[in-house]
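The values are calculated or read from the model by the stated rules, or taken from the named source; none is laboratory data. Every value quoted in this text rests on a predicted model; they were computed, and no experiment measured them. Because the Cβ atoms are built from the backbone with ideal geometry, glycine has one as well, and the counts that use them run over all protein chains shown. Just so you know, the surface numbers come from the protein's heavy atoms only, side chains and all, with ligands and any DNA or RNA stripped out. Shrake-Rupley method; radii C 1.70, N 1.55, O 1.52, S 1.80 Å.
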Amino acid sequence: MIHYHGLPITPATAAVRAIANGHAFVSFKHPDQLTIALEVSQSFALDNGAFSAWRSGKPVTDWSEYYEWVAELHRYPSFDFAVIPDVIDGDEDDNDALLDEWPWAKKFPHVGAPVWHLHESLERLDRLVSNWPRICLGSSGDYAQIGTDAWWIRMREAMDVICDKSGRPCTKIHGLRMLDP
């Protein structure tokens, strides 16, 4: 399991200690410590910042600046993946539209990881698992609170879709806000 430490971490010396030779998760909404991630981490991933924007009451509607940011950074040797934009409280059509808009979907699918929100259908999860080399799991709706009984039941249902008969994931998975489940 790879633990990506979300940045920023203050003070900067603590950020260096947390990600030195480890893995960093840099948010588009808070890119201040990107340089630290590039200099000291083994790898880094990019977060679209949708959760921060959603919590502030100002969800993102134009993702062009994020796409430019990813275009600049996805060629770095230590780049791992970027979270594809998502609508946290949206429906499956909203999120599928953002997958269709993702610039690297066809030619470089490894660049992005779509988000499956736990309130979405297991059929959509199956489709994402079948078509993407990595997916992200986002706690939402009735499953927004991580660690509740309902959340664990839903995660078990999700793992039944994600994993083969031997219990091995059929794609890489990344849990959003799940560093300490």
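Just so you know, in the range 114-130 the residues that are touching a residue at least 40 places away in the same chain (Cβ under 8 Å) and not in a helix (DSSP H, G or I) include one that is surrounded by the fewest Cβ atoms within 10 Å (Cβ to Cβ), and it is LEU118.
For the range 79-103, filtering for residues that are surrounded by fewer than 19 Cβ atoms within 10 Å (Cβ to Cβ) and touching a Leu at 6+ places or on another chain (Cβ under 7 Å) leaves 1.
Among the residues of the range 55-63, are any of a type outside the set (Gly, Ala, Ser), assigned to a helix (DSSP H, G or I) and either more than 23 Å from LEU179 (Cβ to Cβ) or in contact with an Asp or Glu (Cβ under 7 Å, 6 or more places away or on another chain) (or both)? Taking every residue of the range 55-63 in turn, none turns out to be of a type outside the set (Gly, Ala, Ser), assigned to a helix (DSSP H, G or I) and either more than 23 Å from LEU179 (Cβ to Cβ) or in contact with an Asp or Glu (Cβ under 7 Å, 6 or more places away or on another chain) (or both). Comparison of PRO59, PRO133 shows that the only residue that is of a type outside the set (D, E, K, R), under 19 Å from SER27 (Cα atoms) and surrounded by fewer than 18 Cβ atoms within 10 Å (Cβ to Cβ) is PRO59. The C-beta contact set for the range 27-56 (first residue closer than 13 Å to VAL83 by Cα and open to solvent by 20 Å² or more (accessible area, probe 1.4 Å), second residue at pLDDT below 95 and basic (Lys, Arg), distance under 7 angstrom, 6+ apart or interchain) is empty. Here the range 145-160 is the region considered, the condition is being of a type in the set (A, V, I, L, M) and without any contact (Cβ under 8 Å) to a residue 12 or more places away in the chain, and the residue that is surrounded by the fewest Cβ atoms within 10 Å (Cβ to Cβ) is ILE153. When residues in the range 70-113 are screened for being of a type in the set (A, V, I, L, M) and assigned to a helix (DSSP H, G or I), 7 of them pass.
Looking only at residues that are out of contact with any strand residue (DSSP E or B) (no Cβ under 9 Å at 6 or more places or on another chain) and open to solvent by less than 50 Å² (accessible area, probe 1.4 Å) in the range 13-26, which one is farthest from VAL70 (Cα to Cα)? That would be ALA14.
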